Amino acid sequence: QVQLVESGGGLVQAGGSLRLSCAASGSIVMIGTMGWYRQAPGKQRELVASITSYGITNYADSVKGRFTISRDNSKNSMPLQMNSLEPEDTAVYYCYANMKASPSEYFSDYWGQGTQVTVSS
């Protein structure tokens, strides 16, 4: 069974840093694009950052220059370094990956369970 597990959320003061981690496990043939989304109370889920299997990154304008996404293909993991955090970054952060679980399957979207990030002012 393929799954994504996030870790690293928590409570931090404005201006502080947190590092989220996402690890894919199970029978995985190939991983395409991975990314982080977030959802604040009363708001729609939004893309925070994504990274292709070739390392091409994309960031939401609101986090450019503050967040850094990376991936370790040998470990099927994807950290998100978050610096200069602001109260507006408070949300549940979800790990996402487009993965192929077996040679006979197509790529499918997988989601983690989410991790809470709270930034106090």
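Of the listed residues Phe67, Phe107, the order by accessible area with a 1.4 Å probe, largest first, is Phe107, Phe67. Estimated from the Cβ-Cβ distance and a Förster radius of 25 angstrom, the FRET efficiency linking Gln113 and Tyr54 is about 0.35. Each Cα pair under 8 Å and six or more residues apart adds its sequence gap; the mean of these over the residue count of the chain is a relative contact order of 36 percent. Straight-line reach from Lys64: taking Cα to Cα under 26 Å and skipping same-chain neighbours fewer than 8 places apart, the lysines in range are Lys43, Lys75. When Val63, Val5, Val12 are compared by accessible surface with a 1.4 Å probe, the order from highest to lowest is Val5, Val12, Val63. Taking all protein chains as shown and a probe of 1.4 angstrom, Lys100 keeps an accessible surface of around 40 Å². Dividing the convex hull volume of the alpha-carbon atoms in the chain by its residue count gives 97 Å³ per residue. Using a cutoff of 8 angstrom between alpha carbon atoms and counting only pairs six or more residues apart, the relative contact order for the stretch 62-121 works out to 30 percent. Surface composition of the stretch 29-121: carbon and sulfur make up 49 percent of the accessible area, probe 1.4 Å.
Ranking of Leu18, Leu4, Leu11 by solvent-accessible surface, largest first: Leu11, Leu18, Leu4 (1.4 Å probe, protein heavy atoms only, all chains present).
On average, how much accessible surface per residue is there in the chain, in Å², for a 1.4 Å probe, leaving out ligands, DNA and RNA?
54 Å²
Applying the Karplus relation 6.51 cos²θ - 1.76 cosθ + 1.60 with θ = phi - 60° to the stretch 109-119 yields 3J(HN,Hα) values of 8, 10, 10, x, 7, x, 9, 7, 10, 10, 10 Hz, where x marks Gly and Pro. Here the calculated FRET efficiency for Gln44 and Asn83, from their Cβ-Cβ distance with R0 = 22 Å, stands at 0.35, rounded to the nearest 0.05. May I ask for log10 I(q)/I(0) of the stretch 46-103 at q = 0.31 Å⁻¹, from a Debye sum over the Cα atoms as equal point scatterers with solvent left out? With one equal scatterer per Cα and no solvent, log10 I(q)/I(0) is -1.56.
The values are calculated or read from the model by the stated rules, or taken from the named source; none is laboratory data. Since this is a predicted model, take the numbers as computed values, not measurements. Here Cβ is always computed from backbone atoms with ideal geometry, including for glycine, and neighbour counts include all displayed protein chains. Protein only, heavy atoms only, side chains kept; ligands, DNA and RNA dropped before computing areas. Shrake-Rupley method; radii C 1.70, N 1.55, O 1.52, S 1.80 Å.
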